[in-house]
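Asks: Quick one: structure below, then a few questions.
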Amino acid sequence: MLRLLALLIACCLAMPAAAQHLRIGIVSDPDGLDPTLSRTVAGRQVFAAMCDKLVDINERLEIVPQLATAWRWADDGRALVFTLREGVRFHDGEPLTGEAAAIGLRRHLETPGSTRRAEMGPVTEVVATGPLEVTLRLSEPFAPLLAALSDRAGMLVSPRQARITGADFQREPACAGPFRLTRRVPQDRMELERFEGYWDHASIHYERVTYRPITDATVRLANLRAGALEVIERVTPSDVGDVRRDQRVRLHQGPSLATFYIAINVGNGPRSQTPLGQDARVREALERSIDRQALVNVAFEGLWVPANQAVPTDHPFYARSVPIPPRDVARARALLREAGHQRVRIRLSVPNTTDYTQSSEVNQAMAAEAGIDIEIQQVETATLLNQWSAGDFEALMIQWSGRVDLDGNIFAFTTCNVPLNGGKYCNPAVDALLTEARRSVDPAVRAAAYDRAARIYLADRPYINLWQPLTLHGALAGVQGLRVVPDGLIRVQGLRGTR
């Protein structure tokens, strides 16, 4: 018996203290795992472990090096030059060179259906200007470019993979991140294994990462508490108190760039031919029916921040000439009458997750008092985004995860004929002002242009912004090194934990 006990003790002592498998619970299943075509927040979470970018952002929203160690503007703002990190390899073993980076960036520009093309603005050419140097040339200055390259537009794939799209690409995207994809089971999991050739291998303390899409916030948290997950994103406000009292888990909190809004189909196919889609007075009535502060108080324990624009009220590019409109039921009813309606019915599509369900039901109750009957249709997130692109919606509620520069939150949604403008809103005056803002590096000039544009598109109301959340991650108490960055992405670098 003593010998058996000694053997058990020895075995236990021989086991590593650090956990080898990191399991992360995310809110929904990603769309395609191709950084050129991806649109979902869930996809960005998985890319955070798979695909390093030229640059990243930190907790203070500063641009910091990643695959590039330095950068500079040249040619009076018409060229952006990156010095690349030495010793980087892609998952297929190919080295990162100036030419490899140029091929990866050109893929974003040239691939049909690329959702990165608009983010890169007036980039006309990408060339290798040295063994470890790549230059993006522009037809005109474009202030938001560096910030855009801190997200998917700055993700690079192997030159061999850059020529591939579709299912062949997504089976094994060859990025330059710390983990490589080994298996994906749709609606269930994405399994990744450590890439031994990662340039920053000392910051990686797990052998495997598994992402589990769990739409129900209660189930996601229950899995964390049971130890079936190490980290989860988006703890709901109603669970914050319980998490803080539970010694098994820890709440990690910080600011967020995200915004939640209602998108309205004003010009994309037959489903835009509704009172809501064709009459700005009906859209104003819908907004006037909503008390944003009451919405966040009821649905989110008062933790979220009411919003009517894509940035918070303290942002330098917030249009102060158009503040959050108060709820006004009488005005909403009068607007409906002016538009020739006593009551209108709206079909609102929402992702099938807890926060959308709760908030849409609160909006439904408030709108009914103003003569607006909202029919809620729950849809899986990736399907909803496909419907958005195809114009197969009347109105939908969705989240934009946010970008450092306002241009990344507004241009690709609001200007004519851009990929993320699913409702096909188009106003040439807005286009001109948003283009003026992105051509200048003078903050005062940009702020004035954004203010003038906001007076137009906030009156047209192709979107009705509702609130901005905090970033709330949950983790087992033993997990260390979890950084809360305002973009909400879980960085695996530096994460470690014991079981």
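The values are calculated or read from the model by the stated rules, or taken from the named source; none is laboratory data. Every value quoted in this text rests on a predicted model; they were computed, and no experiment measured them. All Cβ positions, glycine included, derive from the backbone under ideal geometry; neighbour counts span all protein chains shown. Just so you know, the surface numbers come from the protein's heavy atoms only, side chains and all, with ligands and any DNA or RNA stripped out. Shrake-Rupley method; radii C 1.70, N 1.55, O 1.52, S 1.80 Å.
Asks: Pairing the Cα long axis of helix 2-14 with the longest principal axis of the chain, what angle in degrees results, from 0 to 90 and rounded to the nearest 10?
Replies: The helix 2-14 is inclined about 50 degrees to the chain.
Asks: From the square roots a ≥ b ≥ c of the eigenvalues of the alpha-carbon gyration tensor of the range 373-478, which class results: rounded (a/c under 1.5), prolate (a/b over b/c), or oblate?
Replies: Because a/c hits 1.5 or more and a/b fails to exceed b/c, the range 373-478 counts as oblate.
Asks: Got a number for carbon plus sulfur as a percent of the chain's accessible area, 1.4 Å probe?
Replies: For the chain, the apolar C and S fraction of the accessible surface comes to 52 percent.
Asks: Not counting ligands, DNA or RNA, and with a 1.4 Å probe, what is D355's accessible surface area in Å² rounded to the nearest 10?
Replies: Taking all protein chains as shown, D355 has close to 30 Å².
Asks: Let me check against my output: what whole-number percent is the relative contact order of the range 440-499, with C-alpha pairs under 8 Å and at least 6 apart?
Replies: 22 percent
Asks: Hey, got a sec? Which trypsin sites (Lys or Arg not before Pro) in the range 25-60 land in a DSSP loop and have at most 13 other Cβ atoms within 10 Å?
Replies: Answer in residue order: R60.
Asks: Quick check for me: using +1 on Lys/Arg Cβ and -1 on Asp/Glu Cβ, what's the dipole size of the range 18-73 about its Cα centre, in debye to the nearest 20?
Replies: About 80 debye.
Asks: If you keep only loop residues by DSSP, which trypsin sites (Lys or Arg not before Pro) in the range 156-216 have at most 13 other Cβ atoms within 10 Å of their Cβ?
Replies: Of the trypsin sites (Lys or Arg not before Pro), the ones in loops of the range 156-216 whose Cβ has at most 13 other Cβ atoms within 10 Å are R163.
Asks: Treating the angle as unsigned and between 0 and 90°, give the value, to the nearest 10°, between the Cα long axis of helix 354-369 and the longest Cα principal axis of the chain.
Replies: For 354-369 against the chain, the angle is about 10 degrees.
Asks: Residue separation times 0.36 nm, minus the C-alpha to C-alpha distance between T83 and R343: what's the value?
Replies: Length difference between fully extended and current span is 87.6 nm.
Asks: Against the empirical 2.2 N^0.38 Å scaling, what ratio does the C-alpha Rg of the range 93-234 come to?
Replies: The range 93-234 yields a ratio of 1.24.
Asks: With a point put 7 Å past each Cα toward its Cβ, work out how far Q377 is from D200 in nm, to one decimal.
Replies: It is 4.3 nm.
Asks: List the relative contact order of the range 197-300 as a percent without decimals, with contacts defined as Cα pairs under 8 Å and 6+ residues apart.
Replies: The normalised contact order for the range 197-300 reaches 14 percent.
Asks: Next up: What full-extension length gain, to one decimal in nm, is calculated for N386 and R183 as 0.36 nm per residue of separation minus the Cα-Cα distance?
Replies: Stretched fully, the N386-R183 segment lengthens by 70.7 nm.
Asks: Rounded to whole Å and sorted largest first, list the principal axis extents of the Cα atoms in the range 20-67.
Replies: That gives 30, 29, 19 Å along the principal axes, largest extent first.
Asks: Could you tell me the center-to-center distance, by alpha carbons, between the range 423-477 and the range 337-367 in angstrom?
Replies: 23 Å
Asks: Still on this structure: How high is the FRET efficiency between L61 and Q273 when r is their beta carbon distance and R₀ equals 35 Å, given to the nearest 0.05?
Replies: The calculated FRET efficiency here is 0.25.
Asks: Just the accessible area per residue of the range 153-246, please: how many Å² with a 1.4 Å probe?
Replies: Here the residues of the range 153-246 average 42 Å² of exposed surface.
Asks: Next up: Between A368 and D168, how many nm apart are label points set 7 Å from Cα along the C-beta direction?
Replies: Label at A368, label at D168, 5.4 nm between them.
Asks: For the range 309-358, run through the chymotrypsin sites (Phe, Trp or Tyr not before Pro) and keep only the ones in DSSP coil with at most 16 other Cβ atoms within 10 Å of their Cβ.
Replies: Hits after loop and neighbour filter: nothing returned.
Asks: Continuing with this model, one more query. Quick check: residue separation of D92 and E110 times 0.36 nm, minus the Cα distance between them. What number comes out in nm?
Replies: Length difference between fully extended and current span is 4.2 nm.
Asks: A further question on this structure: At 7 Å along the Cα-to-beta-carbon direction for both A432 and I324, put a label point, then send me their distance in nm to one decimal.
Replies: Label at A432, label at I324, 3.3 nm between them.
Asks: Report the relative contact order of the range 253-317, percent, no decimals, based on alpha-carbon pairs under 8 angstrom and at least 6 residues apart.
Replies: Value for the range 253-317: 21 percent.
Asks: Taking a probe of 1.4 Å, how large is the accessible area per residue of the range 397-498, in Å²?
Replies: I get 31 Å² per residue for the range 397-498.
Asks: Moving on. What does the charge count near P131 come to, summing +1 for each Lys or Arg and -1 for each Asp or Glu among other residues with Cβ under 11 Å from its Cβ?
Replies: Taking every Cβ under 11 Å from that of P131, the sum is -3.
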